[in-house]
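Coordinate-derived values only; no laboratory data. All values derive from a computational prediction rather than experimental measurement. Heads up, the Cβs are rebuilt from the backbone with ideal geometry, glycines too, and the neighbour counts pull from every protein chain shown.
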Ligand code: PDD
């Protein structure tokens, strides 16, 4: 596979980043994941806008190639012959001569830019979408700026492992009794025909898929309410689902062992998935 590092397209085993890179030492990096369907990048503009916001919020410089990012995405999709899959992008604050908690001088240290692809044949017809996911709930002990898409992903990874150990697919995180989001996705419940999802704040990532799905839902005259909900309310809901760039809309059929509805993907989630995939392709 060919990857991109700081201006160069290289075979993956020749690509190098410094051991002093602050993303390696301090998780001082931000990232984006853009999916590819039928060779086409999905929601690229939204991901680029959020990347710029993440960089601003952390006082991180834009990489020199910022204006070429669309071109770099397309080139990687082309050379790696990606039909269905994703493009992963990471920007870090770069590496200074020594490890130091203070940020390096931006005139001396340039950001690191890395991109690579992952092929995922048949991404849009994942069997999980027909079966639905099972989730557990765990306490949300992440830091308070979850709106910034940083590479500090240890707790979400641990959450995913807790879910697997419980025979489930993912974990929904709870803070002050309310669901924040999934380990790598936004969380929704459906009551009657109303779609309920937590309002935007620093408590959750502002999902690019979330924005698109809520727009399509409103255009289709579906009712949307942006507010937080408890895990007990979720367990009693008619349906639940998640959204993310890599899963699109994915139904949830079980929460902490409680079956939702008939235990199969709900009407609203299924319809939203169809609309999202139709509109994106
Ligand atoms: N994760 N919330 C969290 C904590 C996430 O990590 C993600 C995305 C989302 C959904 O955002 P979007 O719709 O923009 O993908 C919500 C990506 C896919 C990942 O880490 O692989």
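Structure notes:
- Highest-MSF residue in the chain out of 76, 154, 205 [GNM, Cα springs under 10 Å]: 154
- Here is how the number arises for the chain: DSSP H runs of 4 or more residues each give -39500 (n - 2.57), the sum is divided by the residue count, and the result at 222 nm is -8000 deg cm²/dmol.
- For region 207-237, backbone nitrogen atoms closer than 14 Å to the point 7 Å from residue 277 Cα along Cα-to-C-beta are found at no residue.
- Rg ratio (alpha-carbon, reference 2.2 N^0.38 Å) - region 1-58: 1.35
- As a rough guide to protection, the peptides 234-247, 46-59 ranked by mean Cβ packing within 10 Å, highest first, stand as 234-247, 46-59.
- Entry note: region 25-74 has Rg to Rh equal to 1.00, where both radii use alpha-carbon atoms and Rh is the Kirkwood radius.
- Relative protection proxy for 87-100, 213-226, 180-193, from highest mean packing down: 180-193, 87-100, 213-226 (other beta-carbon atoms within 10 angstrom).
- Considering all C-alpha pairs of the chain, those separated by over 24 Å amount to 52%.
- Ratio Rg/Rh, restricted to region 127-280 and using Cα atoms, in which Rh is the Kirkwood radius: 0.93
- For the peptides 195-202, 30-37, 12-19, residues were scored by their other Cβ atoms within 10 Å and the scores averaged per peptide; the highest-first order is 30-37, 195-202, 12-19.
- Efficiency of FRET between residue 218 and residue 103 - r from beta-carbon atoms, R0 51 angstrom, step 0.05: 0.80
- Over all Cα atoms in region 2-121, the spread is summed up by Rg and Dmax: 14.5, 44 Å.
- Cα-based helix-to-principal-axis angle, 69-79 vs the chain, degrees rounded to 10: 80 degrees
- Convex hull volume of region 53-204 per residue (C-alpha atoms, cubic angstrom): 177 Å³
- Rounded to 10°, Cα long-axis angle of helix 208-219 versus longest principal axis of the chain: 40 degrees
- Residue 65/residue 232 FRET efficiency (R0 35 Å; Cβ-Cβ; nearest 0.05): 0.15
- In degrees, nearest ten, helix 154-165 long axis to first principal axis of the chain (Cα): 40 degrees
- Alpha-carbon Debye profile of region 227-275, log10 I(q)/I(0) at 0.13, 0.20, 0.29 Å⁻¹: -0.29, -0.66, -1.11
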